Amino acid sequence: MKQSINWTEHLLNFAAVILGVLLAFQISNMAENRKAQTELKIIYRSLIEELDNHNEVYRDFQIPFQKAQIANIDTVIEAIASGQPDEVLGQMSVDFSINNYFPTSSTYISAVSSGKLGLIADLKLKDDLITYYDILAKEAELRGSSQRDFLATRIVEWMIKNTDYLDLDIRVFAKDREAVNSLLVYQGLTKNKVRQYEKLIDKGEELRSKLQEALNDM
């Protein structure tokens with residue numbers, strides 16, 4: 001005896017299976033989105049904290065330190081012009097030191113290496129992060145290296161050639177163009193570094209505001 005096929009029941013069972021698969025996929029997708037949102041919040045908060053730390057270092061120490069160096073160079077140049085070897089030796093022995101700082105971010109490095117930087121949907125915000133850490137920070141590092149290298153070669157070389165450390169005396173002439181020119185170049189390198197630090201502060205504050213705004217919108 002030929003049995004009739006209940007097509008309605010088969011269609012309903014098929015639809016139930018499809019609906020179950022779609023529902024499971026949707027639940028899984030929602031869970032992944034929640035996880036991504038949680039990770040993104042952590043990234044934003046960490047980046048904000050690091051930017052705050054960078055700007056604090058620049059404002060409270062680095063920029064005042066570099067500006068003091070710039071002022072000290074003027075003092076040394078005046079001492080050379082007036083033929084005061086003790087003043088020159090004192091200033092150059094104590095005040096000429098290098099202290100460089102450029103912002104690095106373990107959060108940014110980790111986000112790039114893990115591919116989680118792609119979680120940031122705002123392309124402008126992502127571009128700002130890349131500009132800050134891969135361009136501006138690298139430029140600050142290069143400016144610091146240029147200042148350090150010039151000090152280690154031209155300035156220190158001049159001091160070794162013109163200083164008798166046994167008698168604590170420095171042979172300075174009233175119109176020592178080599179010394180003055182080198183000091184002026186070194187001062188210019190220091191000023192350039194300060195300008196780059198100030199630019200990083202401005203860009204850091206701007207980037208921080210965008211990160212905070214993105215965090216608040218989540």
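The values are calculated or read from the model by the stated rules, or taken from the named source; none is laboratory data. Note that the coordinates shown come from a computational prediction; the quantities given were computed from them, not determined experimentally. Neighbour counts run over all protein chains shown; Cβ positions are idealised from the backbone, glycine included.
Right, Asp167: loosely packed, with under 12 Cβ neighbours inside 10 Å and modelled with pLDDT under 90 or not? Write out each step before concluding.
Details: loosely packed, with under 12 Cβ neighbours inside 10 Å: yes; modelled with pLDDT under 90: yes.
Yes; evaluated as a whole, the condition is true for this residue.
Being modelled with pLDDT of 75 or more, among the basic types (Lys, Arg) and out of contact with any strand residue (DSSP E or B) (no Cβ under 6 Å at 6 or more places or on another chain): is that true of Arg177 here? I'd like the intermediate steps shown before the answer.
On the way: modelled with pLDDT of 75 or more: no; among the basic types (Lys, Arg): yes; out of contact with any strand residue (DSSP E or B) (no Cβ under 6 Å at 6 or more places or on another chain): yes.
For Arg177, the condition - modelled with pLDDT of 75 or more, among the basic types (Lys, Arg) and out of contact with any strand residue (DSSP E or B) (no Cβ under 6 Å at 6 or more places or on another chain) - is not met.
Which residues, taken from the range 123-141, are in contact with a helix residue (DSSP H, G or I) (Cβ under 9 Å, 6 or more places away or on another chain) and either aliphatic (A, V, I, L, M) or surrounded by 14 or more Cβ atoms within 10 Å (Cβ to Cβ) (or both)?
Across the range 123-141, the qualifying residues are Leu125, Lys126, Asp128, Leu129, Ile130, Tyr132, Tyr133, Leu136, Ala137, Glu139, Ala140.
Within the range 103-116, identify whether any single residue is of a type in the set (A, V, I, L, M), modelled with pLDDT under 90 and within 30 Å of His54 (Cα to Cα), and answer yes or no.
First, the residues of the range 103-116 that are of a type in the set (A, V, I, L, M): 109, 111-112.
Add one more test, that the residue is modelled with pLDDT under 90, and what stays is none.
Looking for residues that are of a type in the set (A, V, I, L, M), modelled with pLDDT under 90 and within 30 Å of His54 (Cα to Cα), one finds none in the range 103-116, hence no.
What's the total number of residues in the range 109-164 that are touching a residue at least 24 places away in the same chain (Cβ under 8 Å), aliphatic (A, V, I, L, M) and closer than 21 Å to Asn99 by Cβ?
The number of residues fulfilling the criteria is 6.
Can you name the residue in the range 49-62 that is of a type in the set (A, V, I, L, M, F, W, C) and surrounded by fewer than 17 Cβ atoms within 10 Å (Cβ to Cβ) and is also farthest from Leu183 (Cα to Cα) among such residues? Walk me through it before giving the result.
Going residue by residue through the range 49-62, those that are of a type in the set (A, V, I, L, M, F, W, C) are 51, 57, 61.
Okay, now just the ones that are also surrounded by fewer than 17 Cβ atoms within 10 Å (Cβ to Cβ), so 57, 61.
Details: Val57: 26, Phe61: 23 Å.
Taking the candidates together, the pick is Val57.
Could you please give the count of residues in the range 35-84 that are among the hydroxyl-bearing types (Ser, Thr, Tyr), at pLDDT 85 or above and over 22 Å from the mean Cα position of the chain (by Cα)? Spell out the reasoning first.
Restricting attention to the range 35-84, the residues satisfying the condition of being among the hydroxyl-bearing types (Ser, Thr, Tyr) are 38, 44, 46, 58, 75, 82.
Restricting the remaining residues to those that are at pLDDT 85 or above gives 38, 44, 46, 58.
If we keep only those that are over 22 Å from the mean Cα position of the chain (by Cα) too, we end up with 38.
Result for the range 35-84: 1.
In this structure, does Gly204 turn out to be among the small types (Gly, Ala, Ser), in contact with an Asp or Glu (Cβ under 9 Å, 6 or more places away or on another chain) and at pLDDT 90 or above?
yes
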